[in-house]
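Written below as structure tokens is the structure these notes are about.
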Amino acid sequence: MPEEKSPYKGSTWDAFLYFVSGFKQLMNAPRLAIPSLISNALSSAFIWCILTVLILLSLPLVFEMAHVLRDYRDIFSDVYMESFPEIYPDLIERFSAMGPEIVIISAICLILISALYLLFLVLYAYVGGGSIGYLWEGITDGITFKNFLYYGRNCVWRILGIRILLFLLFLIYSIIFFGAVALIISALLPGHSSLYSLVILFLVIFSFILWLFLWFLISLPFFFVETSIVIENRGIMDSIKRSADLVIKNIWQILLFIVLSTVIWLAYSLLVISLEIPLSLFSLGISPLSALIILFFMNPWMDLAKLNFFLNITYNPVKIRDVRLELIGEYLSGSKTFVLSSPSILIDFVRGNLNYILLSTLFAGTGFSIGYLIMNQFSFLSGDITAILVDDWGKGFFGTPYTSLPFIDVFYYFFHNTNVIIALSLSGMFFVLPPLLGVSITAGTIGMVYAVLPLHLATAAVFAHGIFELAALLIATAAGLRFGVHVIRRDPNIDRILDDTLKVGFASLLLIAIAAFTEAFVTPVIMYMMI
């Protein structure tokens, strides 16, 4: 732990400099974004686990529902033709008979999802501690992934304890606050004047704003708690006292810092929304690109700014190199070299890791089979679904095969799948399993397409771009498996393993780029010709 300086009080206007410092640090060392990527991979892993639980537990129910609906297949054609038939009483009765089974499956799902949620709360605390430690060592000593693992393991339970404490405090505060509001409203209920409804509405709006403001004040003393736990290795109560002391001595600087953070996020959100709305008119969007910007830039920038804030008011400020304009040229040159070497990186990885590739392929095949099995139970809807899709595919712009703008679609597909590749590559560090679940679910959607569409249409819709996309996903999954195995083994060369994982993940984006171009420009033409 570094030597503490005294007095630890900064200038209010230093708040601006923390964001400048964070920006420079991130530009000089892009690897500082790795904790943000890992946190996102954990979120994806959580979603994949929940989806897997829901899909597997609902299989018996899906088969039974399909059996019932098959007897009433005509109703769907009627609904599609907008004649809206009356619901048959015996159909309702047959679904009602499934009530006990639905209750049992729902209860099991709730128990398993609750257990998963508790597990992932621990993992999020682990990632939180590892992220702070990684960034701190990265800007003061050196960037190494061993620091992430060390601080994650060392601080996980204390950070989890702080988060549980904050949650309980929030829960108690909310119950007391809204209980008091309910008592006040109930006391006003006897009123019958025309002004009464406006008073109640005003009271509800004011109460909500007051509730947010008071919680902001209550949580403010906890501003530096997690940072203090990691950097100063303090206990829970000691870190709360330390954080409260820092907040009191630097209150105006902290308030300005929070205002600046809020303004930056609002400006970014407004920019994204202003672009998203007009693009949505053409069935387009920039949400995948926005997510990548948040992962690679916004999140690490904000984290670095806060870390610089803490270090400046507690220890000596970090020395920061200016961003050289030559860096842009170096990054572009390095990117070009990397793209050219991507095929050899992928080939070498596949040759040296056939066991992981085969395991990934096995799970993808299992996912495809389950997806096909599920939707095949509803094969009686194939005609209606095909009619709907063919109708949509036949409505291109100005007689072209394209139902949207392909030169924008290509970026949408690329950025979306880039998010998936990153999640698959890094989520393996969480007990290895998540990338296998992720690729299984993705392959399952392909199986559903083949189950519900005629073979020639399904192949036309998927094969041209899917062969490149699936290859990239399998390689990224294998890289994630390899990374996870070495994390569990506590490999002393884990930094080299992480470098290899990132190289393979980013190299597979070459296949994703080919798939995106094919999906945007070629697949619509094939579909147009088929229908």
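Please treat every number below as a calculation from the coordinates, not as lab data. If you're wondering where the values come from, they're calculated on a predicted model, not measured in any experiment. In this analysis, Cβ positions are derived from the backbone assuming ideal geometry, glycine residues included, and neighbour counts consider all displayed protein chains.
Quick one: grab the alpha carbon gyration tensor of segment 427-477, order the square roots of its eigenvalues as a ≥ b ≥ c, and give me rounded if a/c is under 1.5, else prolate or oblate depending on whether a/b is larger than b/c. Don't skip to the answer; put the middle values down first.
On the way: a/c = 5.95, a/b = 2.08, b/c = 2.86.
Because a/c hits 1.5 or more and a/b fails to exceed b/c, segment 427-477 counts as oblate.
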So what is log10(I(q)/I(0)) for segment 245-284 at q = 0.16 1/Å, when the Debye sum runs over its Cα atoms only? -0.54
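Can you classify segment 184-338 as rounded, prolate or oblate using the Cα gyration tensor, where a ≥ b ≥ c are the square roots of its eigenvalues, rounded means a/c under 1.5, and otherwise it's prolate if a/b beats b/c and oblate if not?
Numbers: a/c = 3.34, a/b = 1.32, b/c = 2.53.
Oblate, because a/c is 1.5 or more while a/b does not exceed b/c.
Can you list the equivalent-ellipsoid semi-axes of segment 327-530, largest first and in whole Å, using the square root of 5 times each Cα gyration tensor eigenvalue? Before the final figure, lay out the partial values.
Details: eigenvalues 222, 104, 26 Å².
So the three semi-axes of segment 327-530 are 33, 23, 12 Å.
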Which order, highest average first, do 153-162, 464-473 follow once you tally other Cβ atoms within 10 Å for each residue and take the mean per peptide? 464-473, 153-162
Selection from Leu171, Asn299, Ile184, by position along the positive dipole direction of segment 14-314 (Cβ): Asn299
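What's the FRET efficiency of Tyr331 with Cys109 using the Cβ-Cβ distance as r and R₀ = 30 Å, to the nearest 0.05? Display every interim value, and only then the final one.
Details: r = 46 Å, r/R0 = 1.54.
Calculated value: 0.05.
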Size of electric dipole in the chain: Cβ of Lys, Arg +1 and of Asp, Glu -1, about Cα centre, debye, nearest 20: 1840
Can you run phi through the Karplus equation (6.51, -1.76, 1.60; θ = phi - 60°) for segment 301-312 and list ³J(HN,Hα) in whole Hz, with x for Gly and Pro? 4, 5, 5, 5, 4, 5, 5, 4, 4, 4, 5, 5
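Compute for segment 14-314: radius of gyration divided by Kirkwood radius, i.e. Rg/Rh, restricted to C-alpha atoms, rounded to two decimals.
Numbers: Rg = 25.7 Å, Rh = 24.0 Å.
Taking Rh as the inverse mean 1/r over Cα pairs, Rg/Rh reads 1.07.
At 0.36 nm per residue, and after removing the present C-alpha to C-alpha distance, how many nm does the segment from Leu51 to Arg324 gain when stretched out fully? It would help to have the intermediate numbers written out before the result.
Details: separation 273, 0.36 × 273 = 98.28 nm, distance 4.56 nm.
Stretched out fully, the Leu51 to Arg324 stretch lengthens by 93.7 nm.
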Positive-end extreme of charge dipole, segment 327-530 - chosen from Asn419, Phe517, Leu359 (charges on Cβ): Leu359
State the number of lysine pairs found in segment 14-314 whose Cα atoms come within less than 21 Å, restricting to pairs 8 or more positions apart or on distinct chains. 4
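First check a/c for segment 262-306, with a ≥ b ≥ c the square roots of the eigenvalues of its C-alpha gyration tensor; if it is under 1.5, answer rounded, and if not, answer prolate when a/b is larger than b/c or oblate otherwise.
Details: a/c = 6.10, a/b = 2.00, b/c = 3.05.
Here segment 262-306 falls in the oblate category.
When ranked by the protection proxy of mean other Cβ atoms within 10 Å per residue, highest first, what sequence do the peptides 439-452, 246-259 form? Write out the running numbers ahead of the final one.
On the way: 439-452: 21.4, 246-259: 16.8.
Ranking, from highest mean packing down: 439-452, 246-259.
For Lys146, Lys336, what's the fewest-to-most ordering of other Cβ within 10 Å of each Cβ? Spell out each step's value before the answer.
Numbers: Lys146 17, Lys336 10.
With the fewest neighbours first, Lys146, Lys336 line up as Lys336, Lys146.
What is the Cα convex hull volume of the chain when expressed per residue in Å³? Intermediate values should be presented prior to the final figure.
Numbers: hull volume 116.7 nm³, N = 531.
It comes to 220 Å³ per residue, whole-number rounded.
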